[in-house]
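Take a look at the structure set out below.
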Amino acid sequence: MAEREVVPIVAEADVVHVRQRVRARATELRFSLVDQTKMVTAASELARNALTYGGGGSAEIEVLGDGKRRGLRVIFTDRGPGIANIDEAMRDGFTTGNGLGLGLGGAKRLVNEFEIESTVGKGTRIAITRWT
Amino acid sequence: MDRIPILKMGRFLLVTIQVDMDDRLADTLQNDLTSRISQTGARGVLIDISSVDLVDSFIGRMLANVAAMARVLDAETVVVGMRPAVAITLVELGLSLPGIRTALNVDRGMRLLREALGDATGADG
């Protein structure tokens, strides 16, 4: 099994594909059902964001291990307009589209680690990690 | 184009979601359900999500929209069979689905719909 794979996000079906690949990896890592569901749901929110707001991008799925524990990291990258005010974008209810505005803040609550970097005019990179 | 089948059972519509829905399929289901309520004059909608292993904000919004549109069309909506892991995740995501009635399984959902319509007891089929 490859420890790292990249899933392109260019169409709506790719959001489902990202979910399925993250689910497969989380199952291999023996995540509990609740942990699997949280990680897959966070990935679904961020994959949709990359498609809707970022104009597409990719999800890089990586299995991590530091000797004591194992984890799953997914890095979403898009070349969209970027986010001018990250604090504002993380707030529940914030949306520039027609969603519920739960995407970023909600996804953060579902994982153990959440890193976001964004440059206006260049794009956004978000890494989420959950440990077993 | 893919569609999720909608069954008519008496005055109710029954939908069982058994696939991993992309956003387009969820939108299609929302539109199909709204049209069917209007065409059939159904008084209740039962959505069985016991096979669904993920409800993210998009799918959650679709369920809330169906319930709201059904209400406007004089029909009640009950979502049945939500898995515990899905429920825990939904709440943590920040989605508590206000305005949506839920039941543990299809039987209880049917009973809830009948009660909501003021049916006499003993009408369980």
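The values are calculated or read from the model by the stated rules, or taken from the named source; none is laboratory data. On a predicted model such as this, the values are computed, not experimentally measured, just so you know. Because the Cβ atoms are built from the backbone with ideal geometry, glycine has one as well, and the counts that use them run over all protein chains shown.
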Query raised in the report: Looking at this structure, is residue A:57 modelled with pLDDT under 95 and either over 22 Å from residue B:84 (Cα atoms) or facing chain B (nearest Cβ under 9 Å) (or both)?
Result: no
Report task. Show the residue pairs that are 6+ apart or on different chains and have beta-carbon atoms under 6 Å apart, the first residue being within the range A:72-86 and part of a strand (DSSP E or B), the second being modelled with pLDDT of 90 or more and basic (Lys, Arg). Result -> A:72/A:25; A:72/A:130; A:77/A:125
Requested in this report: Would you check if there is a residue in the range A:103-118 being at pLDDT below 85, within 13 Å of the chain's Cα centre (by Cα) and surrounded by 18 or more Cβ atoms within 10 Å (Cβ to Cβ)?
Outcome: yes
Requested in this report: Look through B:70, B:87, B:64 and report the one residue that is in a helix (DSSP H, G or I), away from every other protein chain (no Cβ under 14 Å) and at negative phi.
Outcome: B:70
Report task. Could you tell me whether the range A:88-100 includes any residue that is under 29 Å from residue B:28 (Cα atoms) and at pLDDT 90 or above? Result -> no
Report task. Out of the residues in the range B:90-121 that are away from chain A (no Cβ under 14 Å) and of a type in the set (Asp, Glu), state the one that is nearest to the chain's Cα centre (by Cα). Result -> B:107
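Is there a residue being within 14 Å of chain B (Cβ to nearest Cβ), touching a residue at least 24 places away in the same chain (Cβ under 8 Å), under 13 Å from residue B:57 (Cβ atoms) and assigned to a helix (DSSP H, G or I) anywhere in the range A:23-41? If you could, list the steps in order and put the result at the bottom.
First, pick out the residues of the range A:23-41 that are within 14 Å of chain B (Cβ to nearest Cβ): A:23-24, A:26-27, A:31-41.
Right, trim to touching a residue at least 24 places away in the same chain (Cβ under 8 Å) and you get A:26, A:31, A:35, A:38-39, A:41.
Among the residues that remain, those that are also under 13 Å from residue B:57 (Cβ atoms) are: A:41.
Imposing the further condition that a residue be assigned to a helix (DSSP H, G or I) reduces the set to A:41.
Taking every residue of the range A:23-41 in turn, at least one turns out to be within 14 Å of chain B (Cβ to nearest Cβ), touching a residue at least 24 places away in the same chain (Cβ under 8 Å), under 13 Å from residue B:57 (Cβ atoms) and assigned to a helix (DSSP H, G or I).
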Report task. Of all residues in the range A:42-54, count the ones that are within 11 Å of chain B (Cβ to nearest Cβ) and either buried (at least 24 other Cβ atoms within 10 Å of the Cβ) or touching a helix residue (DSSP H, G or I) at 6+ places or on another chain (Cβ under 7 Å) (or both). Result -> 9
Report task. Starting from the range A:102-116, keep only residues that are free of Cβ contacts under 8 Å to residues at least 40 places away in the same chain and within 16 Å of residue A:37 (Cα to Cα), then list their pairs with residues that are among the acidic types (Asp, Glu) and surrounded by fewer than 22 Cβ atoms within 10 Å (Cβ to Cβ) whose Cβ atoms are within a distance under 8 Å, requiring at least 6 positions of separation or different chains. Result -> A:109/B:92
Report task. Go through the range B:90-123 residue by residue and tally those that are surrounded by 15 or more Cβ atoms within 10 Å (Cβ to Cβ) and in a loop (DSSP other than H, G, I, E, B). Result -> 4
Query raised in the report: Just for the range B:22-51: of the residues that are surrounded by fewer than 20 Cβ atoms within 10 Å (Cβ to Cβ) and of a type in the set (Val, Ile, Thr), which one is farthest from the chain's Cα centre (by Cα)?
Result: B:40
Requested in this report: Select from the range A:16-51 the residues that are within 17 Å of residue A:106 (Cα to Cα), β-branched (Val, Ile, Thr) and in contact with a Ser or Thr (Cβ under 8 Å, 6 or more places away or on another chain) and list them in ascending order.
Outcome: A:34, A:37, A:41
Query raised in the report: In the range B:43-61, what count of residues is obtained for those that are in a loop (DSSP other than H, G, I, E, B), under 16 Å from residue B:16 (Cβ atoms) and more than 11 Å from chain A (Cβ to nearest Cβ)?
Result: 3
